[in-house]
Structures are given as C-alpha cells and as structure tokens.
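Have a look at the structure below, then the notes.
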Amino acid sequence: MALKALSCPECGHEITGETGFGVVLECPNNHYVGVSRDTHDVYSVPTQLVKPSGLDPKKGRLIFLPFWGFNVFINVRDRKIQGGGLWRLFSGQKLLSGDCAMYVCAAQLPDDDVDELSKHYSLNTPPGSSNLEDSYRDDFEKLPVFIDENTAFQHAEFIFLKNEFDVSGTLQWIDYTFEFKEFGLVYLPFYMDTKRKDTYHQII
C-alpha cells in the first residue's frame, strides 16, 4: 500500500515510502519515523546503534539488524513447576523478572530466527549503544523494519513465557503481570554471509 506524503515530525522534511519496505522510515536528515499502518500518522522513533568493538572482513559484510528494545517490568506473583524446580534454582539459568530490557528482532527473517535472536538478546543484554548522529552512522548498512512496536511488544511477552517453559522443569501455570515502560529502535551489528545472503552471524 502506497503512503500519502508525510512529514518528519523532527524536521518537517517530506518522507515517502511503501509499507512493504518497513514500518519505520528514515528522513533525509537521518531522523527515524514510525508510520501507523492504518492511519498513516507519524511519530518520532528513538533510535540507537550498537557499534562492534572490532571487525574481521573475512567473516562477511557488516550489516545492522533492527531490534525493538523495550524496558518492561515483569512481576511473577506465583508459578507452579512439576519436576526440576530445585535444579532450576541452583543451575543459574536466567529468568526474566523485575525491571528488564527485552529485544525483539524486527527484520524480515524466518520465525525461528526471530525467536532465537529475540530470546538471546533479551537474556544477554547487548553492550552500551551510541547515538546514530555521530560520524559512524554513515558507515553502516541496515535492514528495514518490518514489525511495528505493538506487534513486537506482544512478541516480547511470548519470549518471556517461552523462556519460562524452556527452563528445566514443567511449568504448569504462572501468575504474572507484564508491564510496558518505554521503547526504542536498536540496530545490532552482524556479519552477512557472502555465500548465503539470508544468513547472518552475530558479532556481539
């Protein structure tokens, strides 16, 4: 579906695009703009870039994948586990609770890859990020955003529940609240396989 002419809420510059190329567009002045699928309303999207500490060109071409980053508060009031409860307690396997930073891959990748990447970075928070406005921002190639933040937030809750089920023991029921606090778009660095263009390897 083609978009009507839209203006960047940061600088007023006209932006155009197709929803098929992502729900987040970039204006010529490097501002990131979210676009509502139904109303075509626009809004500023806080955006950051995580720089790799070192690169090896032999491993592939540097490319950045978009992730929705959420600050959430998870309150697990009660859960019932059958078997493996003590092992779960002493094994050190991480559970998501309290104030958490969660990440949901927003690129157009196979569902299994989205789940794996989202769970990995939600359990292993990436290192500190830097603002896209610095001199480094012209040096990277990024994949478009294909998932809006509302869909991604629902996926974040799915990742939380999936992790509860994946940790040792059989989860029979759980009583919890999952509260949204704030969001932003985070670009994480990957190597793109030169032989298989749809394959990406983590750098961090």
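Computed from the coordinates by the stated procedures, all read-outs in this text should not be read as laboratory data. For clarity, every value in this text was computed on a predicted model and none was experimentally measured. All Cβ positions, glycine included, derive from the backbone under ideal geometry; neighbour counts span all protein chains shown.
Along the range 111-121 the Karplus relation, 6.51 cos²θ - 1.76 cosθ + 1.60 evaluated at θ = phi - 60°, assigns HN-Hα couplings of 4, 4, 5, 4, 4, 5, 5, 5, 5, 4, 7 Hz to successive residues, with x for each Gly and Pro. Packing-based ranking of 58-64, 176-182, 148-154 yields 148-154, 58-64, 176-182, ordered from highest to lowest mean Cβ neighbour count within 10 Å. How high is the FRET efficiency from Arg79 to His13, r the C-beta distance, R0 35 Å, rounded to 0.05? About 0.10, to the nearest 0.05.
Placing pseudo-labels 7 Å out from each Cα toward the beta carbon at Asp112 and Ser44 gives an inter-label distance of 4.2 nm. Using the Cβ of Phe153 as centre and a radius below 12 Å, the other residues enclosed give a net charge of -4, where K and R count +1 and D and E count -1.
Stretched out straight at 0.36 nm per residue, the stretch from Asp175 to Lys58 would grow longer than its current Cα-Cα span by 37.3 nm.
Using 0.36 nm per residue, how much length does the chain from Asn29 to Phe140 gain when fully extended, once their Cα-Cα distance is taken away?
Numbers: separation 111, 0.36 × 111 = 39.96 nm, distance 1.58 nm.
Roughly 38.4 nm would be gained on extension.
Legend: residue pairs Lys59/Lys119; Lys51/Lys119; Lys58/Lys94; Lys51/Lys94; Lys80/Lys181, Cα-Cα distance threshold 31 Å; pairs beyond threshold, Lys58/Lys94. Sorting the segments 159-166, 119-126 by their residues' average number of neighbouring beta-carbon atoms within 10 angstrom, most packed first, yields 119-126, 159-166.
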